[in-house]
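**Student:** First the structure, which I've put down as structure tokens, then a few questions once you've had a look.
The values are calculated or read from the model by the stated rules, or taken from the named source; none is laboratory data. Only a predicted model underlies this, so the values are computations on that prediction, with no experimental measurement involved. Because the Cβ atoms are built from the backbone with ideal geometry, glycine has one as well, and the counts that use them run over all protein chains shown.
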Amino acid sequence: MNPTTRSRLDRFEDQGFVILEGLLSPDELEEIRTRIDDYTGLGWSGRNDFEGVRTQRVYSLVGRGKVFEATVEHPAVLDVLDALLAPNYQLTASQAICIAPGEKPQPVHYDDTFYPIPRPRPAISVSTIWAVDDFAASNGGTEVIPGSHRWSDDEVATSMISAPDGPQNPAFEAKLQPLEMPAGSCAIFSGTLLHRGGGNRSDRPRRAFSHQYCEPWARTQENWFLSIPRDRVAAMSPRLQSLLGYSIHPPFMGQVAGRHPTKSLEPDHVNSLVDEDAKVGGRG
Ligand SMILES: O=C(O)CCC(=O)C(=O)O
């Protein structure tokens, strides 16, 4: 392992997160901003406090263009993830998150909360958040509680005494630390780290995107098989196809009617149920 990755992992293990700066070029940032603005221009916004009623999310971002594909498999990020998750790990979520001025802080949470395994425990998922605009304390930069990735269920429950809309617990609030990082940076954080999207007290939206990755045996948040058209997946790199579930986790998780899932990406592919049922005279 190269020393840079080793020191990033040390920081991650100690604090529950690490920031990698300067991963996007000015041209890439420009393209990403334009693409995200195109989608958010469609006008939808969040449906509840968690999504954020003044927050616009663009789901299945990985399926929306080469520039986003490249960020999912950015080598510096995958170097860290390769050491944290088992081989054949999956992409579990991929979305742009644009927090508009006036948005209030998101409820504090951790991202792999829906895997019902008692804490403390190893993370089942690892998240990234990429700054498309500079992240600051005032514009909705993600806020984290360093070290909380090691907390037990009891510590999580007793710290979060405040309901999302209720009075905040000052001691708890004081533990939240904004991730201040320039546009083009990526913060990698543990699925067990407590955090939230910050409130945006500035006069501009805070644009970001988040790719999240999970162990190869865990269910993914987004269902890529339905959300991303197959011809788009067929044009992706083998690594990305694997991250989207077009792979086998040995011995046979992910098989498609007994065959490797990448067969379904071949141009002349016919679904084997349709093919075989035609041969036996229908499906009864
Ligand atoms: O937008 C952010 O800074 C964080 C959002 C977040 O944590 C989430 O939606 O799960």
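**Student:** Could you please let me know if ASP79 is of a type in the set (Asp, Glu), touching an Asp or Glu at 6+ places or on another chain (Cβ under 8 Å) and at negative phi? Spell out how you get there, then give the answer.
**Tutor:** Numbers: of a type in the set (Asp, Glu): yes; touching an Asp or Glu at 6+ places or on another chain (Cβ under 8 Å): no; at negative phi: yes.
So ASP79 fails the test.
**Student:** For the condition without any contact (Cβ under 8 Å) to a residue 24 or more places away in the chain and among the hydroxyl-bearing types (Ser, Thr, Tyr), what is the one hit in SER7, SER25?
**Tutor:** After ruling out the rest, the residue left standing is SER7.
**Student:** Output the residues belonging to the range 137-155 that are surrounded by 19 or more Cβ atoms within 10 Å (Cβ to Cβ) and more than 10 Å from the ligand (Cβ to nearest atom).
**Tutor:** Here is the first cut: in the range 137-155, the ones surrounded by 19 or more Cβ atoms within 10 Å (Cβ to Cβ) are 139-145, 148-149, 151.
Once the filter is applied, which keeps residues that are surrounded by 19 or more Cβ atoms within 10 Å (Cβ to Cβ) and more than 10 Å from the ligand (Cβ to nearest atom), the range 137-155 yields ASN139, ILE145, SER148, HIS149, TRP151.
**Student:** Something else: Any chance the range 46-59 includes a residue that's crowded, with 16+ Cβ neighbours inside 10 Å, without any contact (Cβ under 8 Å) to a residue 12 or more places away in the chain, within 16 Å of the ligand (Cβ to nearest atom) and of a type in the set (Gly, Ala, Ser)?
**Tutor:** yes
**Student:** Okay, next question. Against the conditions (1) exposed (fewer than 13 other Cβ atoms within 10 Å of the Cβ); (2) part of a strand (DSSP E or B), where does ASP275 fall short? Just the number, please.
**Tutor:** (2)
**Student:** Here's a follow-up. Where the second residue is within 11 Å of the ligand (Cβ to nearest atom) and in a loop (DSSP other than H, G, I, E, B) and the first is free of Cβ contacts under 8 Å to residues at least 60 places away in the same chain and lies in the range 115-143, which pairs have Cβ atoms under 6 Å and are six or more apart or on separate chains?
**Tutor:** GLU143/GLY198
Residue-by-condition table, conditions (1) among the aliphatic types (A, V, I, L, M); (2) buried (at least 16 other Cβ atoms within 10 Å of the Cβ); (3) at pLDDT 95 or above:
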{"residue": "ASN88", "(1), (2), (3)": "no, yes, yes"}
{"residue": "LYS104", "(1), (2), (3)": "no, yes, no"}
{"residue": "ASP111", "(1), (2), (3)": "no, yes, yes"}
{"residue": "PRO122", "(1), (2), (3)": "no, no, yes"}
{"residue": "THR128", "(1), (2), (3)": "no, yes, yes"}
{"residue": "PHE135", "(1), (2), (3)": "no, yes, yes"}
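**Student:** Tell me which residues, restricted to the range 247-272, are at negative phi and surrounded by fewer than 11 Cβ atoms within 10 Å (Cβ to Cβ).
**Tutor:** Correct list: PRO250, PRO251, PHE252, GLU266, PRO267, ASP268.
**Student:** Can you tell me which residues in the range 89-105 are among the small types (Gly, Ala, Ser) and closer than 14 Å to THR128 by Cα?
**Tutor:** Within the range 89-105, ALA93, SER94, ALA96 qualify.
**Student:** I would also like to ask the following. Would you tally the residues in the range 115-133 being within 13 Å of the ligand (Cβ to nearest atom) and part of a loop (DSSP other than H, G, I, E, B)?
**Tutor:** 2
**Student:** Residues in the range 95-114: is at least one away from the ligand (no atom under 13 Å from the Cβ) and either of a type in the set (Lys, Arg) or over 14 Å from THR55 (Cβ atoms) (or both)?
**Tutor:** If we filter the range 95-114 for residues that are away from the ligand (no atom under 13 Å from the Cβ), which is where we start, we get 101-102.
Next, from what is left, pick out any that are either of a type in the set (Lys, Arg) or over 14 Å from THR55 (Cβ atoms) (or both): none.
No, the conditions are met nowhere in the range 95-114.
**Student:** Does GLU73 fit the bill of being away from the ligand (no atom under 16 Å from the Cβ) and surrounded by 17 or more Cβ atoms within 10 Å (Cβ to Cβ)?
**Tutor:** yes
**Student:** Could I ask something else about it? When only residues in the range 79-92 that are touching a Leu at 6+ places or on another chain (Cβ under 9 Å) and hydrophobic (A, V, I, L, M, F, W, C) count, which is nearest to the ligand (Cβ to nearest atom)?
**Tutor:** Top of the filtered list is LEU91.
**Student:** State yes or no: is GLN177 within 15 Å of the ligand (Cβ to nearest atom) and free of Cβ contacts under 8 Å to residues at least 40 places away in the same chain?
**Tutor:** yes
**Student:** Residues of the range 212-246 being buried (at least 18 other Cβ atoms within 10 Å of the Cβ) and over 22 Å from the mean Cα position of the chain (by Cα), which ones?
**Tutor:** None - no residue of the range 212-246 is buried (at least 18 other Cβ atoms within 10 Å of the Cβ) and over 22 Å from the mean Cα position of the chain (by Cα), so the list stays empty.
**Student:** Another question about this same structure. Looking at the range 12-20, is at least one residue touching a Pro at 6+ places or on another chain (Cβ under 8 Å) and closer than 30 Å to HIS260 by Cα?
**Tutor:** No, the range 12-20 contains no residue that is touching a Pro at 6+ places or on another chain (Cβ under 8 Å) and closer than 30 Å to HIS260 by Cα.
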